[in-house]
1. In region 115-134, which residues have a backbone nitrogen under 20 Å from the label point lying 7 Å from GLN146's Cα in the Cα-to-Cβ direction?
2. Quote the convex hull volume per residue of region 140-218, based on C-alpha atoms, as a whole number of Å³.
3. Using a 7 Å offset from the Cα along the Cα-to-Cβ direction at both SER69 and LYS101, what is the distance between the two label points in nm, to one decimal?
4. Normalise the Cα radius of gyration of region 59-218 by 2.2 N^0.38 Å (N = residues in it) and let me know the number.
5. Calculate the spin-label point distance for ARG170 paired with ALA41, positioning each point 7 Å from the Cα along the beta-carbon direction, and give it in nanometres.
6. Based solely on its DSSP helices, what 222 nm [θ] is calculated for the chain when runs of n ≥ 4 H residues each add -39,500 (n - 2.57) and the sum is averaged over all residues, nearest 500 deg cm²/dmol?
7. With the crude spin-label approximation of a point 7 Å out along Cα→Cβ, what separation in nm comes out for SER218 versus ASP201?
8. Which order do the peptides 115-128, 151-164 come out in when sorted by mean C-beta neighbours inside 10 angstrom, highest first?
Amino acid sequence: MRLILLGPPGAGKGTQAKLLVDKYNIPQLSTGDMLRGAVAAQTEVGKKAKAVMDAGKLVSDEIVNAIVSERLDGKDCANGFILDGFPRTLQQADSLAVMLKEKGIELDRVVELEVDDEALVERVSGRFTCGSCGEGYHDKFKQPEQKDICDRCGKSDFKRRPDDNAETMRTRLLTYYKETSPLLGYYYAKGELTAVNGMGDIDEIATEIQNVLNELTS
Ligand code: ADP
Ligand code: ADP
Ligand code: ZN
């Protein structure tokens, strides 16, 4: 299964990607996670990316395309992958098309998660993740079963992102509408896009995505 999850910040891409990872045993390729990893490791890419990410703007296509191209060659991508947060510009979408062609692989589907702007702000403001295993949580919508203990790995090492604040979120939303939303038309025109209502419960949305994917293989 080779999939792109497309949608604004806070739409639930990471949450749904993690459920698909468990189901299909393929990796989640989150450029946001990769870039945060580079920032934490203080690599050259990380040093360049940090200020841009904190401001809610986009890291350069050149940097992100290179990271993804290398990542797609990973052995764990042989049976498929879920792209989460990439592509985010038309230039990245074109580069991805070239990369896939060169690697001799095809996309199965682009799934758009449709979520109202107010809900996005609420989702992003309450977001936190487990620093050990990456499991995602929310103050209101998805708390750990036992307070302060990660359901998945049992550790108590929760983190919040510096860019998950109301002001940066405004910039990120604007960036989404200006730079990323044109991809919806791009993939629609290629016949690769399916929109899913992202306003329900996490499980309901997972079922809807599953239905879309089941249709591809039936
Ligand atoms: P979101 O929760 O907004 O979907 P991500 O974790 O995907 O956040 O991305 C966080 C930040 O990392 C973005 O605001 C941007 O600065 C940078 N980033 C992630 N993916 C890309 C990309 N494909 N192109 C450019 N910048 C990116
Ligand atoms: P994205 O990767 O698109 O930025 P996330 O998957 O990180 O989004 O979700 C953003 C926040 O919203 C997280 O705190 C997550 O737990 C929560 N969330 C995800 N899906 C839903 C949903 N369907 N309803 C309510 N909250 C959700
Ligand atoms: Zn954990």
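Any read-out appearing in this document is the output of simple, stated calculations on the displayed coordinates, not a laboratory observation. Because the structure is predicted, anything quoted here is derived from the model rather than measured. Note: ideal-geometry Cβ built from the backbone for every residue, glycine included; neighbour counts use all protein chains shown.
1. Flagged as within label range: 129-134.
2. Roughly 153 Å³ of hull volume per residue.
3. Output for this residue pair reads 1.4 nm.
4. Compared with the compact-globule rule of thumb, region 59-218 sits at 1.14.
5. 3.6
6. -14500 deg cm²/dmol
7. 2.3
8. By packing density, highest mean first, the sequence is 115-128, 151-164.
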